[in-house]
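Below is one structure, written out as structure tokens; comments come after it.
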Protein chains: 2
Amino acid sequence: MKSNLFANLPAHLPEELCTTLLHAADVRIERIVSRGHVSPPGFWYDQEQHEWVLVLQGAARLSIEGNPQPIEMKPGDHLHIPAHQKHRVEWTTPDEPTIWLAVHYGERPQR
Amino acid sequence: MKSNLFANLPAHLPEELCTTLLHAADVRIERIVSRGHVSPPGFWYDQEQHEWVLVLQGAARLSIEGNPQPIEMKPGDHLHIPAHQKHRVEWTTPDEPTIWLAVHYGERPQR
């Protein structure tokens with residue numbers, strides 16, 4: 001019935017591992033595991049849905065288009081990325097898996 | 001722009017502390033901080049929305065109506081509680097704050 005977000009981490013991670021934890025009509029919750037992975041050069045995510053993202057373990061740097069500096073993300077840090085706000089992952093630590101929780105949803109946030 | 005889930009933990013917590021992190025039409029993300037708090041005797045939550053809940057820190061025991069045993073929750077453990085599935089918090093550790101992340105949403109999950 002319950003699962004654990006820190007379980008089932010593969011020893012080798014040739015690509016980012018993305019696991020859907022919940023998928024409902026307007027909401028999708030994902031666990032993403034990175035280990036040194038970054039977005040390809042020049043690639044920007046441009047998503048149809050809003051995204052609320054939380055770092056649970058590890059460390060990352062995220063760029064938001066138009067922001068002069070990347071945002072440093074450490075465990076507990078969370079961020080809202082509105083739909084079509086272009087963003088990319090500049091860096092994730094190679095020292096340990098970085099575990100993200102992402103909540104994608106379709107409606108405009110009220111706050 | 002970013003916030004941290006482990007920040008702004010009050011030293012004294014006479015009641016559970018519930019902070020809304022995001023509120024959109026069909027989705028509400030909350031941080032709940034408990035320290036030894038439990039549901040009142042005989043009280044069961046009976047919610048209109050589905051809830052996906054994750055323990056980030058601490059330890060808890062959650063009862064689901066009809067389940068013979070409470071569910072032990074430790075950091076990383078997550079659980080889906082369908083709307084109107086009665087549940088209650090039997091125990092949270094008195095030793096440290098227990099930090100929950102709850103995603104409430106309105107649509108029937110597809111998985």
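Please verify whether residue B:89 is within 17 Å of residue A:52 (Cβ to Cβ), buried (at least 19 other Cβ atoms within 10 Å of the Cβ) and not acidic (Asp, Glu), treating the condition exactly as stated. No: the conditions fail for residue B:89.
Annotation note: of B:70, B:40, the sole residue that is free of Cβ contacts under 8 Å to residues at least 24 places away in the same chain and crowded, with 16+ Cβ neighbours inside 10 Å is B:70. Go through (1) among the aliphatic types (A, V, I, L, M); (2) over 11 Å from the mean Cα position of the chain (by Cα); (3) away from chain B (no Cβ under 11 Å) for residue A:32 and report which single condition fails. The failed condition is (2). Of the strands (runs of 3 or more DSSP E) contained entirely in region A:15-111, those carrying at least 1 residues that are polar (S, T, N, Q) and at negative phi fall at A:17-23, A:27-34, A:50-57, A:60-64, A:87-92, A:98-105. When region B:1-14 is filtered for residues that are of a type in the set (Lys, Arg) and in a strand (DSSP E or B), nothing remains.
Going through region A:73-86 one residue at a time, which ones are surrounded by fewer than 19 Cβ atoms within 10 Å (Cβ to Cβ) and hydrophobic (A, V, I, L, M, F, W, C)? Residues satisfying the conditions are A:79, A:83. Between A:17, A:54, A:9, the distinction of being touching a strand residue (DSSP E or B) at 6+ places or on another chain (Cβ under 9 Å) and facing chain B (nearest Cβ under 8 Å) belongs to A:54 only.
Taking the criterion of being in contact (Cβ under 8 Å) with a residue 60 or more places away in the chain and hydroxyl-bearing (Ser, Thr, Tyr), would at least one residue in region B:57-64 satisfy it? Scanning region B:57-64, I find no residue that is in contact (Cβ under 8 Å) with a residue 60 or more places away in the chain and hydroxyl-bearing (Ser, Thr, Tyr), so the answer is no.
No value in this document is a laboratory result; all are computed from the given coordinates. Source: prediction; values computed, not measured. Glycine also receives a Cβ, built like all others from the backbone with ideal geometry; neighbour counts cover every protein chain displayed.
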